[in-house]
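The values are calculated or read from the model by the stated rules, or taken from the named source; none is laboratory data. Source: prediction; values computed, not measured. Glycine also receives a Cβ, built like all others from the backbone with ideal geometry; neighbour counts cover every protein chain displayed. Surface accessibility is based on the protein's heavy atoms, side chains included, excluding ligands, DNA and RNA. Shrake-Rupley method; radii C 1.70, N 1.55, O 1.52, S 1.80 Å.
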Number of protein chains: 2
Amino acid sequence: MEGCKSKMSKCIKDWSREDLLALKNKLELEYNEFVGKNLALNMARGKPSGGLLDHNTPVLDKFSPFAADGTDARNYGVLEGLPEMRSFFGEVLGMDPERIIIGGNSSLNLMYDSFVRLMLFGTGGHPAWGSFPKRKFLCPSPGYDRHFAITQEFGFEMITVPMTVDGPDMDVVEKLVAEDENIKGIWCVPLYSNPQGICYSDETVERLGKMKTAAPDFKIFWDNAYGVHHLYGETKLADIFEACEKGGNPDRAYYFFSTSKITFPGAGVAMIAASLTERKEILKRMTIQTIGSDKLNQLRTLRVLKDAATLKQHMAELADILRPKFDIVLETLDTELAEAGFARWNSPKGGYFVSLDTMDGCAKAALALASAAGVTMTGAGATFPYKKDPADSNIRIAPTYPTDDELRVAMKLFCVCVKLATVRKLCGEI
Amino acid sequence: MEGCKSKMSKCIKDWSREDLLALKNKLELEYNEFVGKNLALNMARGKPSGGLLDHNTPVLDKFSPFAADGTDARNYGVLEGLPEMRSFFGEVLGMDPERIIIGGNSSLNLMYDSFVRLMLFGTGGHPAWGSFPKRKFLCPSPGYDRHFAITQEFGFEMITVPMTVDGPDMDVVEKLVAEDENIKGIWCVPLYSNPQGICYSDETVERLGKMKTAAPDFKIFWDNAYGVHHLYGETKLADIFEACEKGGNPDRAYYFFSTSKITFPGAGVAMIAASLTERKEILKRMTIQTIGSDKLNQLRTLRVLKDAATLKQHMAELADILRPKFDIVLETLDTELAEAGFARWNSPKGGYFVSLDTMDGCAKAALALASAAGVTMTGAGATFPYKKDPADSNIRIAPTYPTDDELRVAMKLFCVCVKLATVRKLCGEI
């Protein structure tokens, strides 16, 4: 995180009112110029750009519909997914393919369905989560708004856990889960977390696996969405299954992954992995839900991604498209906001987002300005449970969708908006 | 339904013990000949054959990923499905596309998810179905085993309703639903029902729409799986939405359809349709569950099926592949079983199955014989709730998967098994 960078210039907080008003007038002029451009840019979601998608067009080619074992992928069956798809994910993520079940195009849907199973049926012989009227869930924040939406939908009280540079604050987590059997689980995006790009340290993973929980059926929802999305060289992630086994809690983790941000968001292949015991329970329920997911799309995806080595090369090529976008964001922030300490932000080494903190009470105002000038960003507060950022300061920047040129314009406007909102705040106008 | 056909020959029930024993010996020889062939044929599920699938290979061709409105189908979004996919289904099924939401590759999954929503959240401001400990569901039988499996999974008491040539026995249905608010819905396969191939009459549809139900949130699960699977000319189906509206129950029906048995079972496109009010509620829940289903597969499917006229031609070509299979089944049954009244069966005008009733208490034994000789059929009882056929007589014949030659052998063996089981039963051996 960067703060007031320069020792030479004065932090904006310490400026005189006169200087602030002068700056405000200047910024209002700049802002109005952007408004005059009639922009319509969307940076709200982590959507890949057309360029990223074009890179994957071979996935659309015609191909033979037969799997390696002769299975006709056009027909019904193979509930757990094709063996070669499970082997591929196993190799890429360093896990036993026997842990893996292949889903449809959405790992989010697999997470939702896991909540459904736990709510209605429970697991491991424990009561259904739905039978706990005071059920709670740990939500390291800032975090992913769609995780929080699922938690809220199923009636959980969401408990915000602060993030550190090593992942969720484990002192807080351990204390909470040890005391309250109503706390049923925790959301984790362990590599290049959404939105901060934080990577969980080995110690964090180890502690998550071994911590004592009052709930015997405590679950870690391990959403490794950006597990292969390295922008500046590889970051290693400790093995959550191994940590849980060593900690004496072999059934604790559900591991989610997909190719949504590797091939196509709309037509990727998703998976859930678990202990062999948990996997068996999941399959027992899934066999009532569906006859099987789209095996043709599994083959189609595999014909392009092939194996871990090919995937690595594929991701390096995607990173070459993504990295300049991150560079534009970080350079603009550095140029526009660093010196006077308008905001703090992270410099992620991978993933899909840059997380920025304005001065307290300025995020909503800054985003409203951006929106009024035609640039849609993720809504203020979205990275916190109940969409309520207590400090009104966190903003998620999603640079993946716009073209580089659009992004330059959008980021310049965004910085004007952050500065203008800050100055207005300091002038007592908001 | 055919019974003892010939007035000339004696019905098997009236044969002398001596004649029965002689026939038994002859059949045992015939059966053992089949056993010696080491067959391994699967007629258990309504899976299409390779020939049916080959007919659809253009669905696998490369194509442009852009929808008619310019949407990039590779990316996130469009929760309700592409407009052209909804228009296509609307045209084919004669309904307003605004009622339709596109799902993934499985309409069964959409039915399961609908149960989940109703169990956990309820609809229309009514209490969640999960809050009714004595919840019940009407199961017209024989019916589809996977429907019954869902009903059982969610803890419903399944109430068997007899079928007539016009659909479920509506006198029974109307009486049950009027009295008991715990009865929350009914399963319907209205055209070429699974397994009997029965088509609901206009009067049945009208009565389903207008009947008085004690449960204000009673739901018709309208699984029109074989809605375009005409084998011998088109059968018309009355409009369930219109019937519900006219009956004063506009929100009563959930309509399910898919291309699973039009293109590929493993990679089709499924849909759910409902009243605009219900659809809004469904979307409100779905937006938490997923960002959207596979739009590329929607485009891929549409590039082949195009419109209602093209689909009609497509289905006529599929019928040319399917019809000979049904002819083999019906001719073999007629030759082998009709004269002496070993069984009764229907002659469906479409769909995927032939339903056969043995003499009471013979179905399990006949299928065990077939299985021991290498022919897997749908398990005895599978067409009834709890897999319990009270008469032990119904057998579902699924002729779609084997090649014509395999089917001829399998059907001859099957008839031997039915006859042998019947004779053994009449001899008091089972």
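A few remarks follow.
- Residue selected from the range B:220-275 under the condition closer than 17 Å to B:Cys199 by Cα and free of Cβ contacts under 8 Å to residues at least 60 places away in the same chain, by the criterion surrounded by the fewest Cβ atoms within 10 Å (Cβ to Cβ): B:Lys236
- Residue that is least open to solvent (accessible area, probe 1.4 Å) [pool: residues in the range B:146-176 that are among the polar types (S, T, N, Q) and over 18 Å from B:Gly197 (Cβ atoms)]: B:Thr151
- Here A:Val329 meets the list (1) over 30 Å from A:Ile186 (Cβ atoms); (2) of a type in the set (Val, Ile, Thr); (3) in a helix (DSSP H, G or I) almost entirely, failing just condition (1).
Residue-by-condition table, conditions (1) of a type in the set (D, E, K, R); (2) modelled with pLDDT under 95; (3) under 14 Å from A:Pro140 (Cα atoms):
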residue	(1), (2), (3)
A:Cys199	no, no, yes
A:Lys212	yes, no, no
A:Ala225	no, no, no
A:Asn249	no, no, no
A:Arg252	yes, no, no
A:Ile272	no, no, no
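- Cβ separations smaller than 8 Å between residues 6+ apart or across chains give the following pairs from the range A:20-37 residues that are within 16 Å of A:Leu337 (Cα to Cα) to residues that are outside any helix (DSSP H, G or I): A:Leu20/A:Cys427; A:Leu23/A:Trp15; A:Lys24/A:Cys427; A:Tyr31/A:Ala373.
- Top-ranked residue of the range A:119-166 - restricted to ones that are over 21 Å from B:Ile288 (Cα atoms) and not in a loop (DSSP other than H, G, I, E, B), ranked as farthest from the other protein chains (Cβ to nearest Cβ): A:Thr164
For every residue, the table says whether it meets (1) outside any strand (DSSP E or B); (2) open to solvent by less than 50 Å² (accessible area, probe 1.4 Å); (3) at pLDDT 85 or above.
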position: A:Lys5; (1), (2), (3): yes, no, no
position: A:Lys10; (1), (2), (3): yes, no, no
position: A:Phe34; (1), (2), (3): yes, yes, no
position: A:Leu39; (1), (2), (3): yes, yes, no
position: A:Pro58; (1), (2), (3): yes, no, no
position: A:Asp69; (1), (2), (3): yes, no, yes
position: A:Gly81; (1), (2), (3): yes, yes, yes
position: A:Arg86; (1), (2), (3): yes, yes, yes
position: A:Met95; (1), (2), (3): yes, yes, yes
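- The lone exception for B:Asp113 - which of (1) open to solvent by 10 Å² or more (accessible area, probe 1.4 Å); (2) within 13 Å of chain A (Cβ to nearest Cβ); (3) within 18 Å of the chain's Cα centre (by Cα) it fails: (3)
- The lone exception for B:Asn25 - which of (1) outside any helix (DSSP H, G or I); (2) modelled with pLDDT of 85 or more; (3) open to solvent by 60 Å² or more (accessible area, probe 1.4 Å); (4) of a type in the set (S, T, N, Q) it fails: (1)
- Of all residues in the range B:379-401, those satisfying the criterion of being open to solvent by less than 10 Å² (accessible area, probe 1.4 Å), under 20 Å from B:Gly350 (Cα atoms) and assigned to a loop (DSSP other than H, G, I, E, B) are B:Thr383, B:Ala398, B:Pro399, B:Thr400.
- In this structure, A:Pro195 does satisfy being surrounded by 17 or more Cβ atoms within 10 Å (Cβ to Cβ), assigned to a loop (DSSP other than H, G, I, E, B), of a type outside the set (Asp, Glu) and touching a strand residue (DSSP E or B) at 6+ places or on another chain (Cβ under 7 Å).
- Filtered by the rule that a residue be open to solvent by 30 Å² or more (accessible area, probe 1.4 Å), of a type outside the set (Val, Ile, Thr) and within 8 Å of chain A (Cβ to nearest Cβ), the range B:285-310 gives a lone residue, B:Arg285.
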